[in-house]
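A short worksheet on the structure shown next.
What follows is calculated from the coordinates using simple rules that are stated; it is not laboratory data. Values in this document were obtained by computation on a predicted structure and should not be read as measured data. Glycine gets a Cβ as well: all are built from the backbone with ideal geometry, and neighbour counts include every protein chain shown.
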Amino acid sequence: MKVISVIGSGTMGNGIAHTFALSGFKVNLIDISQERIEEALDTISRNLERQVLKDVISASQKKAALSNIQTFTEMELGVTDSDLIIEAATENMDIKLQIFEDLDKFCKPEAILSSNTSSISITKIAGVTSRPEKVIGLHFMNPVPVMKLVEVIRGFNTSDKTTNTIMDLAVKIKKVPVEVHDYPGFVANRILMPMINEAIQCLYEGVAGVSEIDTVMKLGMSHPMGPLQLADFIGLDVCLAILNVLYQGFGNPKYSPCPLLVNMVASGKLGVKSKSGFYDYTGGGKELVISKKWKR
């Protein structure tokens, strides 16, 4: 594994590119517009500088990491020579299936294709390729440069060789890989999202307020961040999408999204990314101010 391609330069994509580049890999960062790529490179540079200031890395390591990243706006050009491709596009089934159909045509036969999906079936994604044994899930946690966990998701046809290669690779970039099987939500989100949904349900039913719910979970359960603040951080639209995958995948009403979450997403209140969710982030998020518009 020498060349890694990352498709999508958003929060997850630029974090994945940052991590591999810092570990000495050549990274091809791919997105549909040069503007998005420039924003991603700026984010990576700022996050590397933050690590320098905290004495986590040296200034020379930052410079080397940035020099390891090449950018592309045409997917075919950015994946031709790659050993591993990590798709980190939006959490949309149709978009992901189209990307993997194209990757199967553009990539060399021995290349491993992976998705950073947080809930979509790896088996289904692999089904649109001619190499299902070489398709795997690589679910990084946000923020990628900081969080150690990587869920390594085996599709129904993923080979032992592919799995072992990816598990070893995760260790090389100083992550802790955990092998899981391909069922809706995998492990992390199958457990996390019902908890977040239940916290929203408590708010919806008037059991307690925003700060009260988050305080109980932070002080009572030693969570570093309350579930409502975490939902804002993840993105309420992403939470809703994952809950829908769980609900449709299992057909169990316990995964049904809370009506308050549905309404908030419909109104465009998506959390940090829209500057407003359960909390208000118009002040840059330095102080958590409870949003005035979360109610029914």
Point to revise | Residue-span extension gain [GLU39 to VAL289] - 0.36 nm each, minus C-alpha spacing | key: 87.3 nm
**Study point:** Inter-probe distance in nm under a simple model that places probes 7 Å from Cα toward Cβ, at VAL171 and VAL187
**Key:** 1.7 nm
**Study point:** LYS54/MET141 FRET efficiency (R0 22 Å; Cβ-Cβ; nearest 0.05)
**Key:** 0.70
**Study point:** Label-to-label distance, nm, for residues given as ASN263 and LYS148 (7 Å Cα→Cβ offset)
**Key:** 4.2 nm
**Study point:** Computed FRET value (nearest 0.05) for VAL207 with GLN70, which takes r as the C-beta separation and R₀ as 51 Å
**Key:** 0.50
Practice item. Convert 10 °C to kelvin, take the viscosity as 1.306 mPa s, use the Kirkwood radius over C-alpha pairs of region 190-290 as Rh, and evaluate the Stokes-Einstein diffusion coefficient in µm²/s, rounded to a whole number. Key: 117 µm²/s
Revision key, fill the gap. In units of 2.2 N^0.38 Å, the Cα radius of gyration of region 93-162 is 1.09
Revision key, fill the gap. For SER276, other-chain or 5+-apart residues with amide H closer than 5 Å (H placed, Pro excluded) are LEU270, GLY271, TYR281
Practice item. Only helices at least 30 Å long along their axis, Cα-based, and averaging 0.5 or more on Kyte-Doolittle count here, so list those DSSP H runs from the chain. Key: none
Point to revise | Per-q log10 I(q)/I(0), the chain, q = 0.07, 0.13, 0.14 Å⁻¹ (Debye; single scatterer per alpha-carbon; no solvent) | key: -0.27, -0.95, -1.09
Revision key, fill the gap. For region 1-45 (alpha-carbon point model, no solvent) the Debye-based log₁₀ I(q)/I(0) at q = 0.20, 0.26 Å⁻¹ works out to -0.53, -0.87
Point to revise | Long-range tail of P(r) for region 75-125 (Cα pairs > 19 Å, %) | key: 20 percent
Point to revise | FRET efficiency, 1/(1 + (r/R0)^6) with R0 25 Å, evaluated for PHE156 and ILE95 via beta carbons | key: 0.70
**Study point:** Kirkwood hydrodynamic radius (C-alpha pairs) into Stokes-Einstein, region 168-211, 10 °C and 1.306 mPa s, D in µm²/s
**Key:** 121 µm²/s
Point to revise | For region 123-232, diffusion coefficient by Stokes-Einstein and Kirkwood Rh (Cα), 10 °C, 1.306 mPa s, µm²/s | key: 100 µm²/s
Check your understanding: For region 190-290, with only Lys/Arg (+1) and Asp/Glu (-1) charged at the beta-carbon, what is the dipole magnitude about the Cα centre, in debye rounded to 20?
Key -> 240 debye
Practice item. Would you work out the relative contact order for the chain, in percent, from Cα pairs under 8 angstrom that are 6 or more residues apart? Key: 12 percent
**Study point:** Long-range Cα-Cα pairs in region 1-100 (distance over 18 Å), rounded percent
**Key:** 43 percent
Revision key, fill the gap. In debye to the nearest 20, the charge dipole size for the chain, taken about the Cα centre with +1 at each Lys and Arg Cβ and -1 at each Asp and Glu Cβ, equals 620 debye
